[in-house]
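Scroll down for the structure; my scribbles are underneath it.
Throughout, read-outs are computed from the coordinates displayed, never taken from laboratory work. Just so we're clear, the structure is a prediction, and the values are computed from it rather than from any experiment. Ideal geometry is used to build each Cβ from the backbone, glycine not excepted, and the neighbour counts take in all protein chains shown.
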């Protein structure tokens, strides 16, 4: 669809992701899911993102590779971004050739193509979504430059109030607060991963901010929990993902009958694991602008046990069991209570089915379809305004 209208008269949209699609991450999930959903609504969508090595595009996504990634530390995490100026120039030329109506950049001040777009001339209107919550060395060191460049954005969106506050402190300006979307329809016909045991699932990068060490310490404190009604054995902790703490944590909490290290899982397997989970655990210590994994857990009809932090509290809307961050004892009590049925989530009625129904209904509020519709409205509004 280079230079032409969308397949049914829709928009030509370039979605720019600064982070490698070869690595799991919340922003990557958002870009890919939004691309699929926008395309299903009759738009011509191309994703621009770095990858590492040969990679098949995600299902239903047209992909332009914008280089290979380098791991940079940021916001207590490691960001896999492309830092090659040559790769950014090539990607910018490719984007211009495709003549999109709108360019939508996630984390616009990340290295690579996002930053190149802000310094380029003769590009379509650029809409930016800010995901980051908490401080940013990049924002602090380059504040005069980033504030000036931010004025070139046709619209600024934040995924939560916390993300809007972070961007506002650094850049000034006005932000529309939307949300991170979940492709809830992808859970409808998922066959759960085979298991005869209650499952607690952790999905995330193995770094301090995500709290995996706290969860593993809590797991050691659970004590003996019997098989439970309808199960053939005690609960199992599935640990998905990897990161800088993997080796150390795995040496202290090795593979066992009740702890399984899964490594990085593909999207299809992730959906199956979520559908099989009894509990989704999200023990992050902070710095989370939006609780995407909480919404995915609710969409998959699992009980969510999570840290009581701003981004998670807002996403859960009272449909998660919240505990103080960094407290393995409190986390162990909550997990034990949910797994044994001694802790009835919500109103205390003990009606697990009603609780899961309410969680699934809550997840629908954050559906990718709703988010795509909101973005389409915004795209059309800014297309008639020139970029400053």
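Below is a table of values for the structure above.
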| quantity | calculated |
| --- | --- |
| Residue-averaged 222 nm ellipticity for the chain, from DSSP H runs of 4+ at -39500 (n - 2.57), nearest 500 | -11000 deg cm²/dmol |
| Overall Cα dimensions of the chain, principal axis frame, Å, largest first | 65, 43, 39 |
| Cα-based helix-to-principal-axis angle, 161-171 vs the chain, degrees rounded to 10 | 40 degrees |
| Percentage relative contact order, segment 185-365, counting C-alpha pairs under 8 Å, at least six apart | 23 percent |
| Max mean-square fluctuation residue, GNM over the chain, Cα-Cα springs under 10 Å, options 198, 108, 58 | 58 |
| With Cα atoms, 0 to 90° folded angle of helix 267-276 axis to the chain main axis | 30 degrees |
| Average Cα contact separation per residue, segment 293-340, under 8 Å, 6 or more apart, as relative contact order % | 33 percent |
| Shape of segment 285-373, Cα gyration tensor, a/c cut at 1.5 | oblate |
| Rounded to 5, the percent of DSSP beta bridges in segment 28-114 classed as antiparallel | 55 percent |
| Hull-based mean projected area of segment 17-113, where the convex hull spans the alpha carbons, in square nanometres | 6.0 nm² |
| Degrees between helix 26-40 axis and first principal axis of the chain (Cα, 0 to 90, nearest 10) | 70 degrees |
| Relative contact order (percent, whole number), the chain, Cα cutoff 8 Å, 6+ residue spacing | 15 percent |
| Peptides ranked, highest mean first, by Cβ atoms within 10 Å: ranges 361-374, 156-169 | 156-169, 361-374 |
| Gain upon complete extension [residue 255, residue 147; 0.36 nm per residue less C-alpha separation] | 34.0 nm |
| Residue exposure sequence - 274, 294 - by fewest surrounding Cβ within 10 Å | 274, 294 |
| Within the chain, percent of DSSP bridges classed antiparallel, to nearest 5 | 10 percent |
| Gain in span if fully extended, residue 373 to residue 357, counting 0.36 nm per residue against the direct Cα distance | 3.3 nm |
